[in-house]
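Report on the following structure.
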Amino acid sequence: MSRKKIVAGNWKMNKTLPEAEALVKSIISGCPEGNEVTKIFFPPSLFIEKISGLVNGKANFHVGAQNCHHLPAGAYTGEVSAAGVASCGAQYVLTGHSERRIYFSESSEELRQKIDVALKNNLSPIYCVGEKINERKTNGYFHAVKKQIEDVIFYLKPDDMKRVVLAYEPVWAIGTGETATPDQAQEMHAFMRLAVAEKFGPEMAANTSILYGGSCNAGNAKELFSCPDVDGGLIGGASLKADEFLMIINSF
Ligand code: PEP
């Protein structure tokens with residue numbers, strides 16, 4: 001089994017360029033030498049090139065884009081392309097984040113296209129899935145997550161699937177301060193791994209990193225990361241402070 005342990009910081013629409021640079025410098029300098037966790041910063045797109053310059057040559061540090069358009073290029077004012085963010089140094093891209101599904105009505109079809117265009121441009125997609133509160137309360141959460149997985153990644157060729165990271169992000173836990181319990185997270189991560197195994201085989205499932213996201217912070221990361229199927233975290237609010245992000249990195 002060779003799946004990576006990953007801690008990714010999704011900064012969303014936060015930070016100015018000087019603040020972003022200061023944050024990254026503090027995290028890099030505070031990270032213990034030889035730390036093997038894969039660390040990925042997801043700054044706003046306009047800072048990708050600068051942040052990429054700061055992490056360049058720093059072992060296990062990477063930069064990703066929070067989004068890219070599902071089409072390769074064209075007349076889409078204000079959008080960014082996969083080729084564009086890759087040319088600025090991004091190596092990963094978030095796809096399927098619930099804020100994009102909800103506020104930008106991203107459909108499964110668009111997400112399939114987004115993952116395709118990302119892979120063609122050598123970006124590894126982090127594909128986010130997660131149920132809404134009503135689906136949790138009515139026991140529809142396995143069905144909701146399975147559908148998001150089936151609709152978007154089951155069509156991939158195995159060689160492409162190898163480059164995908166999954167993230168379980170229950171919508172009710174994102175930015176709310178309410179976290180899935182370790183039991184809830186483990187139950188869903190094991191279910192997702194089984195879904196990958198059923199479609200792509202046990203080896204692929206064993207090698208796919210599945211991150212937890214949803215109010216993960218320095219206080220709860222250790223317990224969540226100790227679950228056998230939780231391979232790290234996709235961190236929103238708690239990724240904006242260097243000391244807290246460093247504590248999360250050190251929570252394995
Ligand atoms: C996220 O946006 O992916 C996230 C997990 O946010 P937060 O940690 O703030 O809940």
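Couple of notes before you dig in:
- For segment 163-239 versus segment 1-75, the gap between their alpha-carbon centres in whole angstrom: 19 Å
- Of K132, K58, K15, the one that fluctuates the most in a GNM where the chain has Cα springs shorter than 10 Å: K58
- Cα-based reach from K241 at 17 Å (exclusive), listing lysines while leaving out same-chain residues under 8 positions away: K12, K15, K25, K39
- Close amide H contacts of G96 (hydrogens built in the peptide plane, cut-off under 5 Å, sequence separation of 5 or more or a different chain): C128.
- Choice from I28, I235, I210 with maximal GNM fluctuation in the chain (Cα, 10 Å cutoff): I28
- Length released on extending from E203 to K50, taking residue separation times 0.36 nm less the Cα-Cα span: 51.4 nm
- DSSP finds beta bridges in the chain, and of those with both partners inside it, around 0 percent are antiparallel.
- Karplus-derived HN-Hα couplings along segment 156-163 (A = 6.51, B = -1.76, C = 1.60, θ = phi - 60°), whole Hz, x at Gly and Pro: 5, 6, x, 5, 6, 4, 4, 9
- The chain, relative contact order [Cα under 8 Å, separation at least 6], %: 21 percent
Read the figures in this text as sums done on the coordinates, not as results from a lab. As the structure is a prediction and not an experimental result, all values here were calculated from the model.
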